[in-house]
Every structure is written in C-alpha cells, then in structure tokens.
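Data first, discussion second: the structure below is written as structure tokens.
Computed from the coordinates by the stated procedures, all read-outs in this text should not be read as laboratory data. As the structure is a prediction and not an experimental result, all values here were calculated from the model. Cβ placement follows ideal geometry from the backbone for every residue including glycine, while neighbour counts extend to all protein chains displayed.
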Amino acid sequence: MQTRTNRPADTWLPLYFLASLGAGGLAVTFFMFLMFWVPHPGQPVPVFEDIMAAFATGGLALQAAIVIAVTGIAGFAILNVRLLVWNLYQLSAFRRTEAYAKLVTTNGETQLLAMPLALAMTVNVGFILGLVFVPGLWSVVEYLFPMAMIAFALIAGVAFARIGKFLGRVLSDGGVFDVTANNSFAQLLPAFALSMTAVGMSAPAALSGVPLTVGVALVLSVMLGTIAALYALVAAIVAFNSMLHYGTARESAPTLMIVVPILTILGIMIMRQDHGLHTTFGAHAGTADNLLLTTPILAVQAVFLALGLLVLRRQGYADAYLRGDGNSAGSYALVCPGVALNVMLHFWINKGLVGAGIIAKFGMAYWTLSAVAIAAQIAMITLVLVLNRRHFARRASGAAVPAE
C-alpha cells in the first residue's frame, strides 16, 4: 500500500509571497527591541558594537531582551529568505502555465505585485542583518547606501512595470475589470508594494551623512510614497463602493486590514525623511511632531482593524481557513496588520509619547503600553506557525490500493 502526501502550498499562487513578507516583518519586530532599548550614541540605529556593549554592561533583563531579539531576527530572516527563494522558483514555473495566462486577464493580476513587495522586504531585512551581525559595518555604510537605493529603484521598476500592464489593460479595454469581483481591498496590493520600496528608499535619508545621498533618498522616497498613497486612496474608494453593493469577498476579507501596514510604512518613511531634513539640511522639528504624526495613524489603523475583525468574525473566516478544512494563501495577509501594529506602537511610544515628554522611558506606563505591542508580536508569531503548518506540512491524502 502506498500513501500519497500533499500540502496546500503545492497548488501555488502569487499570494504565497506574503508568507515570506510576514516572516520578514516579524524579523523587524524583534529589531524594535534593539532600536529602542539598546543605547546607540553616534548613529540613529544600533549596530553590532552597540549591541555587544549593552550586553556586556546591561542588566539581566536587557541581556535577555538582546538574546531574544538577536535570535528572533536571525530565525525569521532565514525563514524570510528561504520562502522568498521558494516563491521565486514557483513563480518561474507558474509563468509557463495556463493558470498564469488566465490570471493576467482578471482582477487577480495585481496578485503578482506580491513579488516586488516581498523583494523589498527582504532588502530591508538584509540591512537589519548587517547592522546586528556585521562588526564595523558603520565604517563602510556610506558605500552601501547607494547600492541599497539602486536595489529599491530596480524593485520599484518591476512594480511599476506590472502596474502598467494591469492599468494599461483595464483602462484601454472596456469591460475587462470585473467590478463585482472587486469587493475587497485586494487592489491595494500595488500600493503596498510601492510603499515598501518608498520606506526602504527613505532609510539613507535618515542614516547617511552625505548631503547628496540624503537629498536623492528624500526626493525618490517622497515620489514613491506619494504615488503609493494616491494609488491606495483611489483603489480603496473604488473597492469600498463594490463592497457596499456586493458585500466583502469572504476569502479576501483579510485585505480589509491592508491599510494598517501601508500606514505604518508611510509613517516610518515620513519620520525618516524628517530626520534627514533635520540632521543634514537644518530643518527644525518640534518635540511633539512625531506624536502628532503617529497618533492619527494609530487612530485610522484602529478603525480598519476593528472593521476587518468585525467582517472576519461575521463571515466565520477563522472557522473556514484557520481552523477548518479550507486553506487560502490570502490568510498570510492577516500577519501584516499585526506586525504593522506592533511596529507603529513602538514608534508611537518611543518617538511620540517619550519624545514629547508625556511618559518616562522604562516607566510603568511605558512597559504597560509596550506590553500591548509585544502581545501583538506574539500573536503574529503564533499565527505564522499555524499557517506554515497548515500550508507547508505534508499530510496524508489517501491510500492507493494495488489492483488484484
């Protein structure tokens, strides 16, 4: 008797790039521990030397946090890269199938933007790995910034090419865009991809000390971020109209919360740009500016999180795709909002509340609020483990009985 095994991921879809994206996002959440808890005088982000010094001189709690952070970054970075490589291989084969030919004639063509989105995340994760694990990186970092900007520019070019094919088709040939199938925020995926390249492009604006590098990073990130915001606004309005008419598509319901990561990414981009304007070009920011930026972002994120969770609950999404027999690659979209909430909470607490002098760093209020961010992080780690087991673990699908 022979037993066949299969797994849902064997039926590949472009949305499986979101598995790589989620792993990369979790690596970023662990970097928040180092970013805001490890002293890093002399540069705006902690580097290997700062982490080692803090571990050598810090208390037991800080040492434990550093060990957890470094382990989490390494583990989820490896998972991020492994899933990215697997997805790129699958995409290469998928392009030669009839399923691909059909996909690019439907609304689902924008699912292919998950590829540049995941690529941009991996470049960001790569930079974090360099900061955390490479001694002496800061001494050569100015040579790395132009390379990173070129990488993000190339990824943005891939995204624009795919967006151009989609918009060129639907705007020139009437009737090819199915409005009845646009009843979700799935069409915001291109904006998500562009915003990820924008935040990556803004990093040199905050970290570089070379005016030319800062200026180029500012200009390009502003352009990419503006286009991403415009695309997201238009796509959301069009999609919301369809949802009011036809209800939210059950399998695509997680996309209702895609606004959350887009806002976190664009918010970090703006903070990076403001930092570069201040340190390099002498633009002076107020002590409450970051608070006034991050608080409205969190308010809007709370609205879309509540809306998304409400719809998911009423439609029984968890029973269908997280606990039941059904499996959907789009379930990985649930990871992004939780990761984005974690990151934005850390920035709101440290750059907003602490920066404005409303709460004391490492005080009772600080740790109470930080516990909320950590709870979101733990929930998303659990969700990734559950999804990976459901989609990538092999399971028995029946037995083949030999003929007599």
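Sum up the charges of everything whose Cβ sits under 14 Å from the Cβ of T197, counting Lys and Arg as +1 and Asp and Glu as -1, but leave T197 out.
Combined, the nearby Lys, Arg, Asp and Glu give +2.
Let's see if you can work this out: charge +1 on each Lys and Arg Cβ, -1 on each Asp and Glu Cβ, no other charges. What is the dipole magnitude of the chain about its Cα centre, in debye to the nearest 20?
In total the dipole reaches around 680 debye.
Could you give the semi-axes, largest first, of the ellipsoid that matches the chain, computed as the square roots of 5 times the alpha carbon gyration tensor eigenvalues and rounded to whole Å?
So the three semi-axes of the chain are 35, 25, 22 Å.
By the scheme Lys and Arg +1, Asp and Glu -1, what is the net charge of all other residues having a beta-carbon under 13 Å from that of A288?
After counting each charged neighbour, the total is -1.
Taking only DSSP H segments of four or more residues, each worth -39500 (n - 2.57), what value at 222 nm results for the chain once the sum is divided by all its residues, to the nearest 500 deg cm²/dmol?
Here the helix-only value at 222 nm equals -23500 deg cm²/dmol.
Based on the alpha-carbon gyration tensor of the range 148-251, what equivalent-ellipsoid semi-axes (square roots of 5 times the eigenvalues) come out, in whole Å, largest first?
So the three semi-axes of the range 148-251 are 33, 14, 10 Å.
Ranked highest first by average number of other Cβ atoms within 10 Å, how do 320-327, 29-36 line up?
For the peptides 320-327, 29-36, the packing ranking is 29-36, 320-327.
With unit charges on the beta carbons (Lys and Arg positive, Asp and Glu negative) and the dipole taken about the Cα centre of the range 297-404, which residue among Y321, L298, N350 sits farthest to the positive side?
Farthest along the dipole direction, towards plus: N350.
Counting alpha carbon pairs within less than 8 Å and at least 6 residues apart, what relative contact order, in whole percent, applies to the chain?
Rounded, it is 23 percent for the chain.
Just how far, in whole angstrom, is the range 176-219 from the range 367-382 if you go by their alpha carbon centroids?
Centre-to-centre distance over Cα atoms comes out at 26 Å.
Which one of L112, N388, L341 has its Cα pushed farthest toward the positive end of the charge dipole of the chain, where Lys and Arg give +1 and Asp and Glu give -1 at the Cβ?
Checking the options against the dipole of the chain, the answer is N388.
Going toward the positive end of the dipole of the chain, with +1 on Lys and Arg Cβ and -1 on Asp and Glu Cβ, which of W12, N87, A54 do you reach last?
W12
Going by how many other Cβ atoms sit within 10 Å of their own, how do M52, M243, M147, M115 line up, fewest first?
Ordered from fewest to most neighbouring Cβ atoms within 10 Å, M52, M243, M147, M115 come out as M147, M52, M243, M115.
Ignoring solvent entirely, what values of log10 I(q)/I(0) come out of the Debye formula for the range 274-385 at 0.17, 0.21 Å⁻¹ when each Cα is a single scatterer?
Scattering profile of the range 274-385, log10 relative to I(0): -0.90, -1.15.
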